[in-house]
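**Student:** There's a structure below that I have some questions on.
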Amino acid sequence: MIKDNLIHIREKIEAALDKRNDEFQKNNFKLVAVTKNHDIAAMREAMEEGILAVGENRVQEALQKSALLARDTKWHLLGHLQTNKVKQAVKLFDLIQSVDSEKLAVEIDRAAAELNKIQDILLQVNLAKEESKFGIYREELPEFIQFVAGLSNVRICGLMTIMPHDENTENLRPLFREMHGLFVELKTMNLKNSNVKWLSMGMTNDYEIAIQEGANLVRIGTGIFGQRQY
Ligand SMILES: *Cc1c(COP(=O)(O)O)cnc(C)c1O
């Protein structure tokens, strides 16, 4: 089941990559399996099929799982991070995708310094300004980028966004395109403390269009594991 799902998704990904035909994107592409609310058995199955990176929304859940999984698994934090969980998060996660405020960036920087780590991060953008979502608004992004680039124990590795829900994903294409524009701008800024490499957008519902518009990191849960049981 997971095996078949992954075969299907990888075919779709290849087709979308071919359609865009961008060498950078093809050579730097990552599929992150979103494993929140899925158990260790399912995670192991995905790893046997070549999944190297997993995404979780909650620090506690990720910590519990990480004790049970192979050490070379890469952990990505996707959900909003509360400041009281920062220390644990910095210990565990290879990439914190959900940096959404100056205060949080400062806390991550401080915790990383204590642990002698440079923490890789993505800046989360709330492009559609949805009240229900976290992330920086487009207009605030330049100032936010400069602020975070001034912190010495975090490394800006790109941008992340969660698109509004839309049954007709074609409607989202202009937003994905705009995100790619912001990503290209960020890449050309030549910031200190940065290695701008990832544009994280696209989930089960909309990853094909996201890739067609330049995403090189997609986060897929339902498409791999089926519906989550809450
Ligand atoms: C849950 C989640 C996903 C995966 O969503 P699916 O629709 O199950 O693929 C991706 N990104 C974030 C930030 C999430 O919270």
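The values are calculated or read from the model by the stated rules, or taken from the named source; none is laboratory data. Computed from a predicted model, the values in this text were never measured in an experiment. Here the Cβ positions follow ideal geometry from the backbone for every residue, glycine too, while neighbour counts run over all protein chains shown. Each accessible area value is taken on the protein alone, full model and side chains, heavy atoms only, with ligands, DNA and RNA left out. Shrake-Rupley method; radii C 1.70, N 1.55, O 1.52, S 1.80 Å.
**Student:** Please compute the length gained on full extension between ASN168 and THR204, using 0.36 nm multiplied by the number of residues separating them and subtracting their Cα-Cα distance.
**Tutor:** Values: separation 36, 0.36 × 36 = 12.96 nm, distance 1.32 nm.
Full extension from ASN168 to THR204 adds 11.6 nm.
**Student:** Here's a follow-up. Would you mind checking which residues have amide H under 5 Å from GLN119's amide H? H placed 1.01 Å from N; only 5 or more apart, or other chain.
**Tutor:** VAL154, ARG155
**Student:** Continuing with the same structure: Provide the per-residue ³J(HN,Hα) series for segment 156-169, in order, calculated from phi with Karplus coefficients 6.51, -1.76, 1.60 and θ = phi - 60°, each as a whole number of Hz, with x at glycine and proline positions.
**Tutor:** 6, 10, x, 10, 10, 8, 10, 7, x, 6, 8, 4, 9, 5
**Student:** So, one more: Compute the accessible area per residue over the chain, keeping the other protein chains in place, probe 1.4 Å, unit Å².
**Tutor:** Details: 11240 Å² over 230 residues.
On a per-residue basis, 49 Å².
**Student:** Sequence-distant or interchain residues sharing an amide H contact under 5 Å with SER194, placed H: which?
**Tutor:** Distant-sequence amide H within range of SER194: ILE156.
**Student:** Please name which of ALA149, SER101, ALA112 has its Cα lying farthest along the dipole of segment 77-156 towards the positive end, using unit charges on Cβ (Lys, Arg +1; Asp, Glu -1) and the Cα centre as origin.
**Tutor:** My answer, from the dipole projection, is ALA112.
**Student:** May I ask you to compute the full-extension gain from LYS19 to THR188, defined as 0.36 nm times their residue separation minus their alpha-carbon distance, rounded to one decimal in nm? Mind showing how you got there, number by number?
**Tutor:** Details: separation 169, 0.36 × 169 = 60.84 nm, distance 2.46 nm.
That works out to 58.4 nm of additional length.
**Student:** SER194: net charge of surrounding residues, Cβ under 12 Å, Lys/Arg +1, Asp/Glu -1, itself excluded?
**Tutor:** Numbers: positive: ARG155, LYS187, LYS192, LYS197; negative: ASP120.
Around SER194, the charge tally is +3.
**Student:** Where in segment 176-201 does the amide nitrogen come within less than 19 Å of the point 7 Å from the Cα of ILE118, taken along Cα to Cβ?
**Tutor:** 186-199
**Student:** Now for a different question. State the volume of the convex hull built on the alpha-carbon positions of the chain, expressed per residue in Å³ and rounded to an integer. Show your work: numbers first, answer last.
**Tutor:** Details: hull volume 28.6 nm³, N = 230.
So the per-residue hull volume is 124 Å³.
**Student:** May I pose another question? Taking only DSSP H segments of four or more residues, each worth -39500 (n - 2.57), what value at 222 nm results for the chain once the sum is divided by all its residues, to the nearest 500 deg cm²/dmol?
**Tutor:** Details: 10 runs with 95 residues, N = 230.
After summing the helix terms and dividing by residue count, I get -12000 deg cm²/dmol.
**Student:** Got a number for carbon plus sulfur as a percent of the chain's accessible area, 1.4 Å probe?
**Tutor:** On the way: 5170 of 11240 Å².
Reported share for carbon and sulfur atoms: 46 percent.
**Student:** Let me ask another. State the Cα centre-to-centre distance between segment 124-150 and segment 24-71 in whole Å.
**Tutor:** Answer, in whole Å: 26.
**Student:** Let me ask something else about it. Quick one: grab the alpha carbon gyration tensor of segment 60-174, order the square roots of its eigenvalues as a ≥ b ≥ c, and give me rounded if a/c is under 1.5, else prolate or oblate depending on whether a/b is larger than b/c. Write down the numbers at each step before the final one.
**Tutor:** Numbers: a/c = 2.22, a/b = 1.32, b/c = 1.68.
Taking the square roots of the gyration eigenvalues as a ≥ b ≥ c, segment 60-174 is oblate.
**Student:** Roughly how far apart, in whole Å, are the Cα centres of segment 163-181 and segment 191-230?
**Tutor:** 13
**Student:** What does the charge add up to near ASN126, with Lys and Arg as +1, Asp and Glu as -1, over the other residues with Cβ less than 13 Å from its Cβ? Intermediate values should be presented prior to the final figure.
**Tutor:** Details: positive: LYS129, LYS133, ARG138; negative: ASP100, GLU130, GLU131, GLU139, GLU140, GLU178.
Taking every other residue near ASN126 into account, the sum is -3.
**Student:** Normalising by the residue count of the chain, find the relative contact order in percent from Cα pairs under 8 Å and 6+ residues apart.
**Tutor:** Working: 410 pairs, mean separation 50.8, N = 230.
In percent, rounded to a whole number, it is 22.
**Student:** Can you list residues whose amide H is under 5 Å from VAL99's amide H, if they're 5+ apart or on another chain and H is modeled 1.01 Å from N?
**Tutor:** Here LEU122, GLN124 satisfy the definition.
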